[in-house]
Amino acid sequence: ECLDVLTAAGDKTGVSKPRSEVHRDGDYHRAVHVWIYCESTGELLLQHRADCKDSWPGQWDISSAGHISAGDSSLSSARRELQEELGIKLPVDAFELIFVFLQECVINNGTYTNNEYNDVYLVTTLTPIPLEAFTLQESEVSAVRYMHRDEYKSCLAAESGEYVPYDVNGQYGQLFSIIEERYKDNTESRSLTLQKQISRYAPIHLEPELTTLSEGDKEALGYILKASMVIDEIFYEQVWNSNTMLRDWLRAHADSSSLDSLKWAYYSINKSPWSCLDENKAFLSTADSAVKLLTDATKPISGWKGLEYRAAFPLDKPRGANFYPADMNKMEFDLWKSGLTDKEQKDATGFFTVIKRPDALLTTSVVESDGPNQTNTSDDLFIVPYSKEYKASLEKATELLIKASDCSDCPSLKNLLRTKANAFLSNDYYESDIAWMELDSNIDVTIGPYETYEDGLFSYKATFEAFVGVRDDVATSQVKLFGDQLEDLEKNLPLDNIYKSDNVSAAPIRVMNLLYNSGVC
């Protein structure tokens, strides 16, 4: 097994070495820790390391752990180790990356140096997994058992020789503090906090005047609004990979308690579990998330319905949203991009594509497709156009926009709706953007992928949005006064003439009465 050698700061050096040499030479490298936590009992699953292990043999340790092989990803390594060591096969949404831990130590009489960056993952199950459901890898694991988190923490603090040592007063203490905070009984304080957050928003009722619209445009408007609602579905998917699942779960349980009602109300405002007005601080945790049942995650056990787990999400909003793999960073992307052709690089950094890993939760159509709508560039990452990634939703929106175009009496609106429908399927938005610039209609529509704020890694990827409004001709004529007088305003600014422009022209400005918006807006 070869490992990527890192700098002391955790960056890849571009060098890989065999595992034995990495520990002999004390090279920095990466590994994964996977903890299985049962929320109904408050217990962590521990594994007993096999006596033949070259580090901490015969001691109780993490549920599952292993090195990240050269060129492999963190998340795929976590999934692989759990399956190999314990026989548990879980999808990516079961794994919550809670922190990164740097372990620096020397053991085995100075022959084994461990300078290791560990990505620590938490898998949250509702009930304990029956011990007989595990399939143990004998060369790695001799036994497993559950232990209450407080008891385990006490054993580590006492530096008991039965357990692989971790400093619970240092970095690794985060494991226990995160779980403790998540499950303490604080319903009243959480409700109060959510009420205060919600109270910062003022509900406004919109009643635009529609008398200026023709009968054809009124009919078209209905289809446009329905298409805009489809755009909202795409945006939920773009924010984070399990966002729609969390939304549906919170909505279904909103009547369970007053706290659940507040969770749903504030989620509805933010369209994610992160609060926009609080620098995207999470107001929910994985403990609030959707429950999923897997009947084939382990070997079958009579009388046991299967493994129930919480669909995990990180405390920190993913910088790459759902445009990139959750465990991909800038350096990996840049290294991968450098090996692409010019055309592939343009696609990789384009507004209207997502970047995937082969082991991601992909639809069958994407996995099996290898045609012009998908660019396979390596075994690690590949490019999928929006028209393929959001195919079902975009086909629905396309159908609605075509119906709206057929109904409308306005030539420029008909053209915008038709070209936008075509763009959704072709992934080429140029013609529809020109049509939007030329729009002269009582109905004003902005619909499609535009802003790139959700892409916190590179600001490459555009999120979907829709603004639908009705033109206010009176207010537009009032604002036009400033455009007509712009040159005089410029001349009379209290600035030296050197800073003033000789030729000033106003951009066209229209005042709209908002009917509906969706997506990122």
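The values are calculated or read from the model by the stated rules, or taken from the named source; none is laboratory data. Model, not experiment: these values are computed from the prediction. Every residue, glycine among them, receives a Cβ derived from its backbone with ideal geometry; neighbour counts consider all protein chains shown. Surface areas here come from the heavy atoms of the whole protein model, side chains and all, with no ligands, DNA or RNA. Shrake-Rupley method; radii C 1.70, N 1.55, O 1.52, S 1.80 Å.
A few comments on the model shown:
- Condition met for W249 (free of Cβ contacts under 8 Å to residues at least 40 places away in the same chain, in a helix (DSSP H, G or I) and among the hydrophobic types (A, V, I, L, M, F, W, C)): no
- Check on L277, open to solvent by 50 Å² or more (accessible area, probe 1.4 Å), in a strand (DSSP E or B), not basic (K, R) and not assigned by the TED database to the domain that holds S40: no
- Unique residue being open to solvent by 10 Å² or more (accessible area, probe 1.4 Å), of a type in the set (S, T, N, Q), touching a strand residue (DSSP E or B) at 6+ places or on another chain (Cβ under 9 Å) and closer than 20 Å to L225 by Cα when the list is N442, N415: N442
- Screening the stretch 140-235 for helices (runs of 4 or more DSSP H) wholly inside it with 3 or more residues that are β-branched (V, I, T) and either open to solvent by less than 80 Å² (accessible area, probe 1.4 Å) or free of Cβ contacts under 8 Å to residues at least 24 places away in the same chain (or both) returns the ranges 187-199.
- Across the stretch 56-79, the number of residues qualifying as open to solvent by 10 Å² or more (accessible area, probe 1.4 Å), assigned to a helix (DSSP H, G or I) and closer than 10 Å to V34 by Cβ comes to 1.
- Filter result for the condition that a residue is outside the structural domain of D93 (by the TED database) and at pLDDT below 95, over M229, M245: M245
- So V520, is it among the β-branched types (V, I, T) and touching a strand residue (DSSP E or B) at 6+ places or on another chain (Cβ under 6 Å): yes
- Qualifying residue in the stretch 139-153 (condition: closer than 24 Å to G306 by Cβ and under 28 Å from the mean Cα position of the chain (by Cα)): no
- When the stretch 59-85 is filtered for residues that are in contact (Cβ under 8 Å) with a residue 60 or more places away in the chain and more than 24 Å from L6 (Cα to Cα), the ones remaining, listed by number, are Q59, W60, D61, S63.
- Among residues of the stretch 390-399, those that are part of a helix (DSSP H, G or I), touching a residue at least 40 places away in the same chain (Cβ under 8 Å) and hydroxyl-bearing (S, T, Y), counted: 1
Rundown of residues vs (1) within 30 Å of E389 (Cβ to Cβ); (2) in a strand (DSSP E or B); (3) of a type outside the set (A, V, I, L, M, F, W, C), yes/no style:
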| site | (1), (2), (3) |
| --- | --- |
| S432 | yes, no, yes |
| L439 | yes, no, no |
| V445 | yes, yes, no |
| L457 | yes, no, no |
| F467 | yes, yes, no |
| V470 | no, yes, no |
| A475 | no, no, no |
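- On inspection, S387 passes the criterion of being more than 30 Å from P508 (Cα to Cα), open to solvent by 10 Å² or more (accessible area, probe 1.4 Å) and assigned to a helix (DSSP H, G or I).
- The numbered conditions (1) part of a helix (DSSP H, G or I); (2) open to solvent by less than 30 Å² (accessible area, probe 1.4 Å); (3) free of Cβ contacts under 8 Å to residues at least 40 places away in the same chain are all true for L284 except (1).
- Just one residue in the set L97, L136, L90 is open to solvent by 30 Å² or more (accessible area, probe 1.4 Å), more than 20 Å from G42 (Cα to Cα) and in contact (Cβ under 8 Å) with a residue 40 or more places away in the chain; that residue is L136.
- Just one of the listed residues (H48, H33) is open to solvent by less than 10 Å² (accessible area, probe 1.4 Å), in contact (Cβ under 8 Å) with a residue 40 or more places away in the chain and in contact with a strand residue (DSSP E or B) (Cβ under 9 Å, 6 or more places away or on another chain), and it is H33.
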